[in-house]
Amino acid sequence: MLPGELLVSIIASVDDIATLREVAVVCKRLNNLTEPFLYQSLVISDGSQAVMLAKAIAKRLSRASHVRSLLASTRFEKAPGIEQLPSSLAVMHNLR
């Protein structure tokens with residue numbers, strides 16, 4: 001088994017979000033190591049994404065601490081679910 005520090009170095013070098021998602025579903029250990037990279041920079045472009053983010057954070061509150069940047073850019077008249085965003089923002093203590 002590879003040490004966690006080595007795995008984190010490898011994961012940190014991956015710049016493709018789809019690849020990071022694939023790594024995260026391999027096993028629980030890789031999921032735990034990959035999640036900080038998956039959540040560090042988020043883009044919300046519609047209400048359904050805001051709902052998914054709120055559900056993901058509700059399921060595991062530690063995910064909110066990984067968020068460093070968040071861009072929310074929607075057409076609000078077409079964004080049902082965007083009202084979920086403020087509750088998610090409230091727990092993102094590391095957001096810049």
Amide H neighbours of A72 at under 5 Å, excluding residues fewer than 5 places away on the same chain, with H built from the backbone geometry, are I44
Compute the angle between helix 47-59 and the longest alpha-carbon principal axis of the chain, please, reported from 0 to 90 degrees and rounded to the nearest 10.
50 degrees
Name the shape class, rounded, prolate or oblate, that the alpha-carbon gyration tensor gives for the chain, where a ≥ b ≥ c are the square roots of its eigenvalues, rounded holds for a/c under 1.5, and otherwise prolate holds if a/b is larger than b/c and oblate otherwise.
prolate
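Given a 1.4 Å probe, how much area per residue of the chain is accessible, in Å²? List each step's numbers first, then the result.
Working: 6310 Å² over 96 residues.
Value for the chain: 66 Å² per residue.
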If you average the sequence gap of Cα pairs under 8 Å that are 6 or more apart and divide by the length of the chain, what percent do you get for the contact order?
27 percent
Compute the long axis of helix 28-39 from its Cα atoms, compare it with the longest principal axis of the Cα atoms of the chain, and write down the angle in degrees, 0 to 90, nearest 10.
50 degrees
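How much of the accessible area of the chain, probe 1.4 Å, is carbon plus sulfur, in whole percent? Please report the intermediate quantities before stating the final value.
Details: 3710 of 6310 Å².
Using a 1.4 Å probe with all protein chains present, the chain comes out at 59 percent carbon and sulfur.
The values are calculated or read from the model by the stated rules, or taken from the named source; none is laboratory data. As the structure is a prediction and not an experimental result, all values here were calculated from the model. The protein model used for the area step is the full one, side chains on, heavy atoms only, and it has no ligands, DNA or RNA in it. Shrake-Rupley method; radii C 1.70, N 1.55, O 1.52, S 1.80 Å.
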